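The values are calculated or read from the model by the stated rules, or taken from the named source; none is laboratory data. Quick caveat, the model's predicted, so the values are computed rather than measured. Cβ placement follows ideal geometry from the backbone for every residue including glycine, while neighbour counts extend to all protein chains displayed.
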Amino acid sequence: MLKETYLEKATQLLDRVYQKNRATIEKLGPLMAESVAQKGVIHTFGSGHSEIIGREMVGRAGGLVCVSAILDTTGGFVENVIGYGRKLAERYDRNHGLKEGEFIIVISNSGKNCSPIEIAEYAKEKGLHVIGMTSMEMTQQVNTTHPSGKRLYEIADYTLDNCGMMGDAIVTLPSGSQSAGPTSTMAGALLINLLQMEILENLHKNGQSAPLLKSQNIDGAMEQNIELARGYQGRLSKPL
């Protein structure tokens, strides 16, 4: 019955995620839509497994073309080496540009590790608006590894709460000594796409075009996608 328990708890959690973050998403929607309308890029960063959530927005069918990811090729292996996150941000900035007034979504379930904190700090110094995505329940129970003593949500301008629990596992196994069933990825993907929907709604409301990618499996779609991407020459981590 473990799968049924997981399904029930996960479904309940996703509803909580929506209710908990609705006001923040509705506040961000018009601000991010304005940036998108002005050819701004939305940047993402997630260290380790959190990178999956950032990639959910990048170069995918049905998503905004103007999204670019800061990628850690170590997969988070050195995310607590002090200074590494800043170097990642600096290199990305040189190659793709972090521009004042744009938005960056920094994802860290625990919110305690150096790389996401340093990237958030660097982005703020460059004048970007920082959206932190984290588990507020977990991050308030852990100590940061960053010398500043701060966790991600204490640096971010806006925080999205994935409503996950300590350890990111919601099903207790029959033995009672182990838990399984992570939720941070599904909750993060939901938050990312709710945010995109709110941006699109505001673009439509203002009579502005939505730079949306189509599935390359549809005839003629790839040509349209390439044409869209031309407007962001050199700024996207996933070129078309």
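Does the stretch 216-225 contain any residue that is assigned to a strand (DSSP E or B) and modelled with pLDDT under 95?
Of all residues in the stretch 216-225, those assigned to a strand (DSSP E or B) come to none.
Checking the stretch 216-225: not a single residue is assigned to a strand (DSSP E or B) and modelled with pLDDT under 95.
Would a scan of the stretch 44-53 turn up a residue that is within 16 Å of MET197 (Cα to Cα), surrounded by 19 or more Cβ atoms within 10 Å (Cβ to Cβ), within 16 Å of the chain's Cα centre (by Cα) and among the charged types (D, E, K, R)?
No.
Suppose the filter is farther than 19 Å from ILE119 by Cβ and buried (at least 20 other Cβ atoms within 10 Å of the Cβ); does THR183 pass it? Explain how you work it out, then say what you get.
Working: farther than 19 Å from ILE119 by Cβ: yes; buried (at least 20 other Cβ atoms within 10 Å of the Cβ): yes.
It is true that THR183 is farther than 19 Å from ILE119 by Cβ and buried (at least 20 other Cβ atoms within 10 Å of the Cβ).
One line per residue, one yes/no per condition, for (1) of a type outside the set (Lys, Arg); (2) under 19 Å from the mean Cα position of the chain (by Cα):
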| residue | (1), (2) |
| --- | --- |
| LEU98 | yes, yes |
| LYS126 | no, yes |
| GLY132 | yes, yes |
| THR144 | yes, no |
| ASP168 | yes, yes |
| GLY176 | yes, no |
| THR183 | yes, yes |
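So which residues in the stretch 186-215 are within 17 Å of VAL67 (Cα to Cα), part of a loop (DSSP other than H, G, I, E, B) and of a type in the set (Gly, Ala, Ser), if there are any at all?
Hits for the stretch 186-215 are SER209, ALA210, SER215.
Those residues that are at pLDDT 95 or above and either crowded, with 18+ Cβ neighbours inside 10 Å or among the hydrophobic types (A, V, I, L, M, F, W, C) (or both), I need them from the stretch 147-169; list them, please.
Residues satisfying the conditions are ARG151, LEU152, TYR153, ILE155, ALA156, TYR158, THR159, LEU160, ASP161, ASN162, CYS163, GLY164.
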